[in-house]
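Contents: one structure, followed by commentary.
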Amino acid sequence: MPGLFDHYVIVDWSAANHKKTGRDSIWICRHGTEPLNVGTRAEARAHLTELLSETTDKAERVLIGFDFPFGYPTGFAQRLGFKGEQLWRSVWDEIARLIKDRDDNRNNRFCVGAELNRRVSDGRFPFWGCPTSSKGPFLGTHHHQGHTSDEPLKERRLIDCWMRGAQPCWKLAYPGSVGSQSLTGIPVVRELRDNPRWIESARIWPFETGLKPPGKDVRIVFAEVWPSWWPGWKEAQQVGEVNDSAQVRHVAEILADLDAVGTLDKAFGGDPSLTTAERTMIETEEAWTLGVMAPRRRASSRVTARHPDPLPASGEREDEPSPKALAPLAGRGRGPHVARKGEGQQQPRQSYLRDPKAIYRRSFAAIRAEADLARFPQSLHPLALRLAHAAGYAAILDNLVWSRGAVLAGRRALADGAPILVDGMMLAAGIIENRLPAQNRIICTLRDPAVPNIGAEQRTTRSAAAVELWRSHLDGAVVAIGNAPTALFRLLEIVAEGAARPALILGFPVGFVGAAEAKEALIGFNGVAYIALRGRRGGSALAAAAINALAPGRQS
């Protein structure tokens, strides 16, 4: 099934007042290519025009995401005196008329902010933030504190309230000054969208498409994105790579992977719970950020609390097989390949994806599309993804439970060099040792010569008997149980009797007898951090996957 697009382009914008490259400048990445860093907005406009000309000549479809707000809170257009159905377009046209942006990046954005303030309030509201030299009766250096309960013009758009940490579009200076990015970026997007060569097939989402995927007649879609919002970019960041570069590259890969598995259409839908009135606000004035499906709220300590998140995608890095061992397949794993079988005979090879990095990215994209990751705190996402990947079944995450601070406790313990106690050799073998941050010892006592006698004396299983030999290692350890329910039961017993408490218990015993009950005992046990999978399912592979997700890798 063909995807929605052929190309995925992410643009990290800058409102710098001089030519600038490197950190906090303009980065552009088309999926499949290395990020491009340009020094001016004029260069960015020229590059994007050339890119769109090339794809238009080939009748290809392009999604371009820019990292600045496309709209303003409801009521801004009316305060400027605009009426009609396309309020967003009136605002865009006015900003483009007012902004003077030279080829060397010199621009008048603070003057424009002051002029808009004059027209809206005859004072320093709503735009704020500027150098002292630009301060005046209609623009101040600091926040005006004018968004009171009596003032209908809000500080943030609806989407900004959905995305915790989003800066207000009125902010023109200082870190996170997205207001200046919008004032300098909107005219560029407007010019690109209105280029006569493709004006009939280009659209601004969601203003011209509604909160839904674009129609088949649309070949170019411009959308608002927030690259750092998508999880996993830090793990995918290359050594010495600028954050902006890593983010645009990562999100371009995410969008391509979502499209490859047929779920990118969901990214255009917004939050399904939006009311009709809210959708009208978004589609006529405020805009929305691509991929945000629900509001993100602060984490709760209870596992029943929901933690809404954006529509996630790939990006959690795995330890991949050597590229030398798996020859990458050109393109996206499609196309005929011929291998020799027998003298003088050629048989077609099976067509499948061979690029290990692409396999992992696409796997995680599929998991994110199938799983309800919204109920997990952000810190738990890497572990949840690895569990679903190890099981080949995203629905197991419905039974994943955890205690407050469990992930942080496990990571800290590993970073401090804590040992890892495991209940089986298969689990030990599944732990990727080069990910362990402090050459942590992996201890399995199941084969200790003393275990059979302990088991006989206590009339219990070998797995439970082996736990007796953990006592001297328990203090601050990370315990992973992926096999025997009796091992988990016995661990809880000896801790209750006064043995040292581990930093974290990973409860993944498997089986028809005792597995579900042992996990419930862990969940109800006071004073220990835990992550567990309710019910009968579990196993060494899942427990090892949990350890690998907690281990960040060794620091150089």
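Rule-based calculations on the coordinates, nothing more; no lab input. Fair warning: this is a prediction, and the values are worked out from it, not measured in the lab. Note that each Cβ is placed from the backbone with ideal geometry, even for glycine, and that neighbours are counted across all protein chains shown.
Descriptive notes on the structure:
- Long pairs among 135/171; 58/216; 58/357; 19/100; 154/212, criterion Cα-Cα beyond 18 Å: 58/357; 154/212
- Tilt relative to the chain, helix 243-260 - C-alpha long axis, 0 to 90 degrees, to 10: 80 degrees
- Ordering of 442-451, 502-511, 8-17, 205-214 by packing is 502-511, 8-17, 205-214, 442-451, highest average first (other Cβ atoms within 10 Å, averaged per residue).
- Under a model in which nothing but the beta-carbon of Lys, Arg (+1) and Asp, Glu (-1) is charged, the chain shows a dipole of about 360 debye around its Cα centre.
- Entry note, the chain: the mean residue ellipticity at 222 nm calculated from DSSP H runs of n ≥ 4, each adding -39500 (n - 2.57), is -9500 deg cm²/dmol after division by the residues and rounding to the nearest 500.
- Among the listed values [x] 25.0; [y] 24.0; [z] 26.2, the one computed from these coordinates for Kirkwood radius over Cα pairs in Å is [z].
- The label point for residue 493 and the one for residue 50, both projected 7 Å from the Cα toward the Cβ, are 7.3 nm apart.
- Cβ-based exposure ranking for 127, 138, in which fewest neighbours within 10 Å come first: 138, 127
- Summary value for the chain: 11 percent relative contact order, contacts being C-alpha pairs under 8 angstrom separated by 6+ residues.
- Put in order of Cβ neighbour count within 10 Å, fewest first, the listed residues 130, 169, 161, 111 become 161, 111, 130, 169.
- Report note on the peptides 225-237, 376-388: ranked by the mean count of other C-beta atoms within 10 Å, highest first, their order is 376-388, 225-237.
- Angle in degrees between helix 381-391 and the longest Cα principal axis of the chain, rounded to the nearest 10: 50 degrees
- Each of residue 265 and residue 459 was given a label point 7 Å from its Cα along the Cα-to-Cβ line. The distance between the two points is 6.3 nm.
- If the segment from residue 412 to residue 145 were pulled out straight at 0.36 nm per residue, it would be longer than the present Cα-Cα gap by 92.1 nm.
- Spin-label pair residue 475-residue 86: with each label point 7 Å from Cα along the Cα-Cβ axis, the two points sit 7.2 nm from one another.
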